[in-house]
Amino acid sequence: MFFIGIFGIESKQKEIGMLEDLGCKSCSRKSLKIIKVYNYFHFFFIPLFKWNKSYYAVCKTCGAIYDIPREKGEGIEKGYKDLINYWDLKFSEHSESIQHTCEKCGKKLEQNFLYCPYCGEKQR
């Protein structure tokens, strides 16, 4: 986060959907959440413009992270379904840009936490 008085630049991630019919390449379970990661400039905490958008699929079971083509991620964000297939999932080299959250309380966690320090829930 970078502040100059009342201006700022931040990075944010947002869950935009779930894929219940597509299996993970690592564990074959069908529970992938779609995440959008982007940077934005804000004025008085009101976002003015966004850049550097990227989309990822994260397996809720094993934690594998896959890159998704930008146009397909934007389509899912607009509400189109069945855009992503098995061949679109590419293992991500940018996994450090994804922040993990506790499924029970929603707090941001480090990747290597086995239990949530806020609510005590075991992480997968």
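The values are calculated or read from the model by the stated rules, or taken from the named source; none is laboratory data. As the structure is a computational prediction, the values presented were derived from the model and not from experiment. Every residue, glycine among them, receives a Cβ derived from its backbone with ideal geometry; neighbour counts consider all protein chains shown. For accessibility, only protein heavy atoms count, side chains too; no ligands or nucleic acids. Shrake-Rupley method; radii C 1.70, N 1.55, O 1.52, S 1.80 Å.
Listing for the model above:
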read-out: Cα-Cα separations in the chain greater than 26 Å, expressed as whole percent; value: 27
read-out: Descending semi-axes in whole angstrom, ellipsoid equivalent of the stretch 1-67, from the Cα gyration tensor; value: 32, 10, 8
read-out: In Å², nearest 10: area of Arg70 left accessible to a 1.4 Å probe; value: 110
read-out: Heavy atoms of Lys50 accessible to a 1.4 Å probe, total area in Å² rounded to 10; value: 100
read-out: Residue-wise HN-Hα coupling along the stretch 29-39, computed from phi with Karplus coefficients 6.51, -1.76, 1.60 (Hz; x: Gly, Pro); value: 7, 9, 8, 10, 9, 9, 10, 9, 10, 7, 9
read-out: List Trp87, Trp51, ordered by accessible area with a 1.4 Å probe, largest first; value: Trp87, Trp51
read-out: Loop chymotrypsin sites (Phe, Trp or Tyr not before Pro), the stretch 6-47 (other Cβ atoms within 10 Å of the site Cβ: 11 or fewer; DSSP); value: Phe44, Phe45
